[in-house]
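Some notes on the structure that comes next.
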Amino acid sequence: MEFSATSRQGRVGTVIEVVGDLDMSTTPQLRDRLHELTEGGARVVVDLTGVGFMDSSGLGALVVGYKSLRERDGWLGLAGVRPSVRRVFSVTSVDRVIPLFDTVPEAEDASPLVP
């Protein structure tokens, strides 16, 4: 499966749809996409429905994106996290910091509407 990280306008910000394995070779694409959005303190939902595998580099990119957005009064939520990927968040306790949602609409509903 090829990797892609495409963005679209959501209800309250940007939705980044990630498809494919999120590993050392593909993480730079997600990191770059998140970096573009952190400049203005955006509201971002990363849709991980299409991700079946994620290693520590993917986890690191999401944590850095979360911190960067938070420092700029932005927000990051993760949606559609499969059980295999959810375990990575659970084992590292990142799920206690970055909010996980079952669906993109649930994440958008939880996002703050204004900075």
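State whether the chain is rounded, prolate or oblate according to the following rule on the C-alpha gyration tensor (a ≥ b ≥ c being the square roots of its eigenvalues): a/c under 1.5 gives rounded; otherwise a/b larger than b/c gives prolate, and the remaining case gives oblate. Because its axes are fairly even, with a/c under 1.5, the chain counts as rounded. Think of each Lys and Arg Cβ as +1 and each Asp and Glu Cβ as -1; about the Cα centre, that makes the dipole of region 1-66 roughly 320 debye. When DSSP beta bridges are restricted to pairs lying wholly in region 4-109, around 30% turn out antiparallel.
Ignoring GluC sites (Glu not before Pro) that are buried or in helix or strand per DSSP, and keeping those with at most 13 other beta carbon atoms within 10 Å, what is the longest stretch of the chain between them? With a cap of 13 other Cβ atoms within 10 Å, the longest stretch comes to 40-115.
The stretch between Lys67 and Arg11, if pulled fully straight at 0.36 nm per residue, gains 17.9 nm over its current Cα-Cα span.
About the centre of its Cα atoms, the chain shows a dipole size close to 240 debye [charges on the beta carbon of Lys, Arg (+1) and Asp, Glu (-1) only; nearest 20 debye].
Compute the relative contact order of the chain as a whole-number percentage, counting only Cα pairs closer than 8 Å that sit 6 or more residues apart in sequence.
About 26 percent, as a whole number.
Exposure proxy check: Phe89, Phe53 ranked by fewest other beta carbons within 10 Å?
Details: Phe89 20, Phe53 13.
Lowest count first: Phe53, Phe89.
A short reminder: the numbers here are calculations on the coordinates, not readings from a lab. As the structure is a prediction and not an experimental result, all values here were calculated from the model. Glycine gets a Cβ as well: all are built from the backbone with ideal geometry, and neighbour counts include every protein chain shown.
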